[in-house]
1. Can you give me the P(r) profile for the stretch A:152-281? Cα pairs, bins 5 angstrom wide beginning at 0, each as a whole percent.
2. On a 30 Å Cα-Cα criterion, which of the cross-link pairs A:Lys236/A:Lys529; A:Lys92/A:Lys145; A:Lys197/A:Lys600 come out too long?
3. For chain A, what is the convex hull (Cα atoms) projected area averaged across all directions, in square nanometres?
4. On full extension of the chain, what length is gained from A:Glu587 through A:Glu416, given 0.36 nm per residue of separation minus the C-alpha to C-alpha distance?
5. Compute the normalised compactness of the stretch A:529-590: alpha-carbon radius of gyration over 2.2 N^0.38 Å, N being the residue count.
6. Which distance in nm do the two modelled labels at A:Lys888 and A:Arg151 give, with both placed 7 Å along the Cα-to-Cβ direction?
7. Short version: what are the Cα gyration tensor semi-axes of the stretch A:811-884, square root of 5 times each eigenvalue, largest first, in whole Å?
8. Using protein chains only and a probe of 1.4 angstrom, how many square angstrom of A:Met748 are accessible, to the nearest 10?
Amino acid sequence: MKNYDHKIIEKKWQEEWEKNKLYKVDDTVKGKENFYQLVEFTYPSGNLHVGHWYAFSVPDIFARYKRMSGYNVLYPMGFDAFGLPAENAAIKLGADPKIWTYEHMDKMRLQLRSMGASFDWDREVVTCDPKYYKWTQWMFNQFLKNDLAYRDVTKVNWCPKDMTILANEQVVDGKCERCGAEVEQRDQEQWMLRISKYADRLIDDLDTLDWPHEIKSAQKNWIGRSEGSEIEFGIKNVEEKIKVFTTRADTLFGVTYVVLAPEHELISKLKDKIENWNEVEKYISDTKKKSELDRQQSKEKTGVELKGIKAINPANNEEVPVWIADYVLAGYGTGAVMAVPAHDERDFEFAKKYNLPIKEVIAEIVGDRNKDAIERNRVCAIIENNGKVLCDETNENQTKFGGNYVLVGGGIEEGETPEDALIREVREEVGLNIDITKFKKIQTLRSSWYSERRKCFRTMLHHAYVVNIDITQIKENTKEAKLIWVDIHEAIKNFKKVDNLCQAKILEKYLASKDLFYDGNGELINSSKFNGLASEEARKKITEFVGGKLVNTYRLRDWGISRQRYWGVPIPIVYDIEGKAHPVPDEHLPWLLPTDVDYKPDGTAPLARSKELLERTEKIFGKGWKPEVETMDTFVDSSWYFYRYLDNNNDTEFADKEKINSWMPVDLYMGGAEHTTMHLLYSRFWVKALFDLGLVKDSEAYTMRRNRGLILGPDGNKMSKSKGNVIDPDEIVERLGADTVRLYLAFMGPYGVTVNYPWDPNGVVGVRRFLERVWKLQEKIDKNFTEQSNLLHKTIKGIDQDIKEHKYNTCISKMMILLNGLDKQEKISEEIYKTLLQLLAPFAPHTTEELWADLGEKESIHLSLWPKYDEALTKDDEITIALQVNSKVRAEILINIEETEEEIKQKALKNEAILKHLEGKEIKRVVYVKNKLLNIIV
RNA sequence: GCUGGAGUGGCGGAAUUGGUAUACGCGCUAGUCUUAGGAACUAGUACCGCAAGGUUUGAGGGUUCGAGUCCCUCCUCCAGCACCA
């Protein structure tokens, strides 16, 4: 037996495969179904790290498995080659970004080949190649023609260090995702794509996709659809209206003021009527100075009233004050809100700070709600002293508020207001006079129940107050009540026990906030003819009543794609003498990126400094015409690259329709979790747009998506040069081999789930040992020996199951178990060894190919067919089952699979260990689970 | 705060979905062989206990003959969003 020399083997087979074009994929193969497996292509950073290995070599296992299982598998690779690093390197080193990029791609192609992945390199896609970006530009033109692209002035995120606009997605915690500089807000004209037009479809179509829940939920979140109403408030003595967006039209009667964003356009229109203009103006300019970060971080709400301005509530014609405050965002909804402090936390905080009125219009519903019940309303008082609350001892066990005690309070009499009733009840029960300044309302609740005593349903509005009185004056016993102090937590527990849920809830709320604020749904009160309606119903009815309309609002903004950088796709636009934009006609595409440019960013676009571009523009379009000097966001490039793999040399279309039909949609897309709300959302939009233009047949490109996790350094931290915990894959490939690295990465844990695994240097050695043992096992082959191995069939079955769920770790574990079994044998058959090699082939392609060839096989193991198992042989005749007494395992016995429950029971009753635990006890029951256990209950 | 995900040995992780918890690998311990070992091989290894036995899947409760798995309450960690009306 020769030595297992991974270096020789891997080099040899990589060359062999390339020479024979082993992984070249035809668009159709007779008798085979196509399977398109995609991984995110890479940025040519120039160095392949462990993350790349994890991203590409592990999915390669699956591609190989599918290929051996009879599919025509496309598993392509390419380069997302435009982008900032090349340009930054160019600036720093004085190099040409193009040369820098192409050199790095050359280097990475070599490294990628060392993985032994089954990429079809003939289909390689490079986004900075004019042959590719010609079609990126062409698609932009299509979008422009169909009103999906437009130019507009918007607030943009500006990175002062990278000197470019950033998308919202590229701003993390107010900082630039790339360089970490604090992002500024700027008004800037830029090219926009109407992704927001697709907001609903981007949410709704998620239902059709086999994607993990976590991505769907994150995308929904990101799009941020909220269903609500637009309602117009009139302004006293002014023609203008204030349009607000609210999700809680049911609380319209509770509006006590209206708030505009400081940037709201109405403010300047109202300038003449605003009595405190100076103060208002100052607040607005202060707001402008604040960065987005400051604005988010200042927790305390601030605002200024527009004195002299009154808004008119369309529901009841009430006049309410108008404020401006920076907690209202100009960019969301209508930039104006109706404030309902009783039912919105932010409004509540603001109202408390500025002493604005709080009006309750929603009663929380506790328990069931029964409209036909007899109504009797009630007040209750929370009188607290040192964690104890004053209660009235009661012997009315049969009522809803049965139990030993209830909060001080009682029914509201005919003609009384709740406040009257409260004052009266407190006086009667506690024997004290209180006045209106000594109590405050904390909540109104609705509850219904069945009264056993009165044999009918009853319902009540329960008005709860906190009452401040001098507790030394309390008389323990009045005519009306017998008072006791109860620990609040105790009282809550007891109220819950006796189903007095209202008072339990009130006390909980009292402990939590002590204030009148409830933001859930409920039943309308203090809302004129809408009283008694449920929130959900009232939202529609009240919106209708005031002539508003039901609308959806989204957090998602249109996608600004202009970048003031050099190394990207030139936006194919030219401006005429009047400055009007025109698309560069398709026949002039690709609209080439000029090369006579000083890359240094100075806040203006580098392309503005290209003579060649200007001359080209004037030559084609006429004197005085100017080129667009912005380039596209690189997320544009990656929004459609998976189509180009299908037909990467096509000069007349971005891809042939037939070829698209035979491959799309992508069957499996594996990639990083960081793309959830960026690439994955953008490319979904892009595909939907192409679909609407009739250019592709599917409105979703990726049938199944799985996100992978991260490989961490041995210390459990993210690998980084500064932490010194970076694992260099090249070094490990050199020392232990590519197959070992592939196998180890697959063995760390399940793939396709967002879990991060630390790299264990010893663990790699462990899987290398496994490969060596497989290598050595060949010595046990006896050509004259045949065997039938149940273990083998179980292994194949198990791997078939696990590999489909990308649990490569347990697949490998099962092969290890098989190896352990075979290793114990004196000799093994050649057949079983070959089958083991086939099972291992997707994981360790080089090693298995070598061993396969050594056994005299002429054709590649990777062209062989995946082993099949015989179901009958996956089951043993004899199995071990557990014997339990009272569900505790006391013994294990070997039984024949044919044995009946009765036979097993008899065996069990003869078992010493079992008898010991049965001694002196009577058998009550026996539970038998076939092939698992027998449980004797005594 | 909201949304999503996750808590199992010293470590990475298994557990046919309600049926013998801790597979497989790493590490560790002892031994064999070796000039040597960061090599190979053999045996052991969840925890407490000499043992019989007992305990254990973040904590507490529940359903069940039986719970890592199902239900309720709570805690911790990770990720995303965050004054979104």
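The values are calculated or read from the model by the stated rules, or taken from the named source; none is laboratory data. Keep in mind that this is a model prediction, so the values were computed, not measured. Neighbour counts are summed over all protein chains in view; Cβ atoms, including those assigned to glycine, are modelled from backbone coordinates with ideal geometry. For the accessible areas, the whole protein counts, side chains as well, though only heavy atoms, and no ligand, DNA or RNA atoms are used. Shrake-Rupley method; radii C 1.70, N 1.55, O 1.52, S 1.80 Å.
1. Percent of Cα pairs in each bin: 2, 8, 11, 11, 14, 16, 16, 13, 6, 3, 1, 0.
2. As for pairs spanning more than 30 Å Cα to Cα, those are A:Lys92/A:Lys145; A:Lys197/A:Lys600.
3. On the way: hull surface 220.7 nm².
The Cα convex hull of chain A, projected and averaged over all directions, gives 55.2 nm².
4. 53.2 nm
5. In units of the globular-protein estimate, the stretch A:529-590 measures up at 2.32.
6. 8.3 nm
7. Semi-axes (√(5λ), whole Å): 28, 13, 12.
8. Taking all protein chains as shown, A:Met748 has close to 40 Å².
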